[in-house]
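I have placed the structure first, in the form of structure tokens, so that the comments after it can refer back to it.
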């Protein structure tokens, strides 16, 4: 699954640690999602969407389609 | 357990589990040594065994809590590592049982547990390698 997490985080000038703290996860988890080594659970995806004030499908794209 | 970027809650739960594990190691070794080398009154022997079992129970509960409250990537890595450990333990135990029938030396009960611990550690290492990379500042 592709995602725009790194791009959205950079737009807001947040570090991975800043985002991790807001999401209540480790920096490694944020890093693994950004590098697409790990797909987040649905609850975490909703939390990410809420933090960025976007819909889930504006952040995550199945099969790399945007 | 390996520590690669725990949240404060995971670090706390990890330390609690480590403390229980240390207590298990100490009470198990002491109970094993004392029961084998000395002739104690029966109630003291039972008390030593009970103490080791209480510590084992505490370690199991602490690890269950650690897993339940863990950051989701950490939980995934731990569950995969436990799968590797369980699988290796099962293969080793059942496989070696066949080898024993073919004349291999008899195994100690602890050997299967040792294999599980080794593969649990290996599984964690492989999990961290698979899912993580150096984090940004």
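Where a number appears in this text, it was derived from the coordinates with a stated rule and is not lab data. Quick caveat: nothing in here was measured; it's all calculated off a predicted structure. No Cβ is skipped: glycine too gets one built from the backbone with ideal geometry, and neighbour counts run over all protein chains shown.
Some notes on this structure:
- Across the range B:36-128 the C-alpha pair distances fall into 10 Å bins from zero in the proportions 15, 29, 29, 22, 5 percent.
- Cα-based values for the range B:86-137, radius of gyration first and Dmax second, are 16.0, 57 Å.
- Axis angle, to the nearest 10 degrees, between helix B:109-131 and the longest C-alpha principal axis of chain B: 10 degrees.
- Placing dummy labels 7 Å off each Cα toward the beta-carbon, the span from residue B:46 to residue A:63 is 6.7 nm.
- Across chain A, the mean sequence separation of Cα contacts (distance under 8 Å, 6 or more residues apart), normalised by length, yields a relative contact order of 46 percent.
- Axis of helix A:42-52 versus longest Cα principal axis of chain A: the two differ by about 70°, to the nearest ten degrees.
- Built from the Cα atoms of the protein assembly as shown, the convex hull projects on average onto 15.2 nm², one quarter of its surface area.
- Rounded FRET efficiency, nearest 0.05, which uses the C-beta distance separating residue A:47 from residue B:94 and R0 of 41 Å: 0.45
- Helical mean residue ellipticity (222 nm; -39500 (n - 2.57) per DSSP H run of 4+; nearest 500) of chain B: -29000 deg cm²/dmol
- Within a Gaussian network of chain A (alpha carbon springs, distance under 10 Å), most fluctuating of A:12, A:50, A:27: A:12
- Per-residue average of Cβ from other chains inside 10 Å of B:122-131: 1
- In this simple spin-label approximation, residue B:69 and residue B:36 carry label points 7 Å from Cα along the Cα→Cβ vector, and these lie 3.7 nm apart.
- Kirkwood Rh in Å, taken over all unlike Cα pairs in the range B:1-70: 13.2
- Each 5 Å bin from zero up to the one holding the largest Cα-Cα distance in the range A:1-54 carries the following percent of pairs: 4, 21, 37, 31, 6.
- A Förster distance of 30 Å, applied to the separation of the beta-carbon atoms of residue B:56 and residue B:102, puts the FRET efficiency at 0.35.
- Rounded to the nearest 10 degrees, the angle from helix B:42-69 to the longest Cα principal axis of chain B is 10 degrees.
- The value of relative contact order for the range B:1-130, using C-alpha pairs under 8 Å at least six residues apart, is 32 percent.
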